[in-house]
């Protein structure tokens with residue numbers, strides 16, 4: 001399922017120079033924010049921080065998620081693709097990488113041990 005977010009607080013000059021449809025933007029949780037406990041900043045190369053993910057109802061474009069809504073399922077740093085630019089707001093599509101399930105040698109040994117114990121239990 002695609003998830004979209006609204007960016008806010010972007011200055012007109014920065015928007016004109018940096019924001020282009022299709023560009024990828026870095027998003028980063030801001031643990032030191034005094035104003036919001038679930039703040040997420042938006043960053044572009046050269047420009048640095050250009051805005052933040054909207055968290056107040058009146059700033060969120062309908063159909064997009066707030067910072068609070070996505071905070072728990074994204075990493076500390078993640079990315080979004082610019083889809084639309086509307087006035088002083090930008091809509092991004094979140095780029096979320098699926099976590100690969102990796103099986104280690106330890107896991108294989110554990111599975112083999114479990115198989116042996118199941119066979120022993122079944123024979124008794």
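The values are calculated or read from the model by the stated rules, or taken from the named source; none is laboratory data. Remember, it's a predicted structure, so these values are computed and weren't measured experimentally. Counting neighbours? That spans all protein chains shown, and the Cβs are built from the backbone with ideal geometry, glycine included.
Cβ-Cβ contacts under 9 Å between residues 6 or more apart (or on different chains), taken from a first residue in region 19-42 that is over 17 Å from residue 66 (Cα atoms) to a second residue that is assigned to a loop (DSSP other than H, G, I, E, B), are listed as 19/10; 32/39.
Among 33, 37, which is surrounded by fewer than 16 Cβ atoms within 10 Å (Cβ to Cβ), at pLDDT below 85 and in a loop (DSSP other than H, G, I, E, B)? Going through 33, 37 in turn, just one is surrounded by fewer than 16 Cβ atoms within 10 Å (Cβ to Cβ), at pLDDT below 85 and in a loop (DSSP other than H, G, I, E, B): 33. State all residues of region 43-56 that are in contact (Cβ under 8 Å) with a residue 12 or more places away in the chain and not in a strand (DSSP E or B); if no residue qualifies, say none. Correct list: 46, 47, 54, 55.
For residues in region 8-27 being surrounded by fewer than 17 Cβ atoms within 10 Å (Cβ to Cβ) and assigned to a strand (DSSP E or B), which is farthest from the chain's Cα centre (by Cα)?
In this case the residue turns out to be 24.
Of the residues that sit in region 57-100 and are part of a loop (DSSP other than H, G, I, E, B) and surrounded by 11 or more Cβ atoms within 10 Å (Cβ to Cβ), which one is modelled with the lowest pLDDT? Out of the qualifying residues, it is 96.
Report yes if residue 1 is over 19 Å from residue 87 (Cβ atoms) and touching a residue at least 40 places away in the same chain (Cβ under 8 Å), otherwise no.
For residue 1, the condition - over 19 Å from residue 87 (Cβ atoms) and touching a residue at least 40 places away in the same chain (Cβ under 8 Å) - is not met.
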